[in-house]
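Accompanying notes for the structure given below.
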Amino acid sequence: YQASRVDSFLDASLGFARDAQAYLLKLGTGRIKPPMQERACAALDAYLAGIERALAPARAFLVGDRLTLADIAFAAELALFSAERAHARTLADAGLAPLWSGALATAFPRALAQFAALCAHEAFAPELGPYLAKLEKRDG
């Protein structure tokens, strides 16, 4: 059962990754259009809503009581998506607001708290800590 649940999270992560990476790559070119951001927004909302539902029973991890590949994929995908912050000027020039904002924590409190907890976890902190700090510096 747990292996099946992990597999389901991986499928959801792959679906989200497809739209998120297309969006981030387009941002990198400096030529972003509202429809591309709308697709990324829909993908982000759907992905985080699923994570939010999975965490409803106040879990420490997405599947079971220990770290699994589901948690790794979730942390990696959100860390990658948070790189949107490095493109604030591109978004502003296109008249668009960033998707990665404080509103996410309001809309998906368990999912964003889980992301923060995973980023602080000993398995992730050595890599994600400096990466996210670098993004914060570029954003701020």
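The values are calculated or read from the model by the stated rules, or taken from the named source; none is laboratory data. Not measured: the values here are computed from a predicted model. Backbone-built Cβ (ideal geometry, glycine too); neighbour counts: all protein chains shown. Surface areas here come from the heavy atoms of the whole protein model, side chains and all, with no ligands, DNA or RNA. Shrake-Rupley method; radii C 1.70, N 1.55, O 1.52, S 1.80 Å.
Computed values, structure above
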| quantity | calculated |
| --- | --- |
| Long-range amide H partners of W100 with built H, under 5 Å | none |
| Summed side-chain charge close to T29 - residues other than T29 whose Cβ falls under 15 Å, Lys, Arg +1, Asp, Glu -1 | +2 |
| Relative contact order (percent, whole number), the chain, Cα cutoff 8 Å, 6+ residue spacing | 27 |
| Carbon and sulfur %, accessible surface of the chain computed with the full protein complex present, 1.4 Å | 58 |
| 15 Å beta-carbon shell around A70, net charge (K/R +1, D/E -1) | -1 |
| Net dipole in debye of segment 1-111 [+1 Lys, Arg Cβ; -1 Asp, Glu Cβ; about Cα centre; nearest 20] | 180 |
| The chain: calculated mean residue ellipticity at 222 nm from DSSP helix runs of at least 4, using -39500 (n - 2.57) | -23500 deg cm²/dmol |
| Rounded accessible area per residue of the chain, 1.4 Å, Å² | 54 |
| Reported label for calculated volume of the Cα convex hull per residue in Å³ given [x] 98; [y] 119; [z] 161 | [x] |
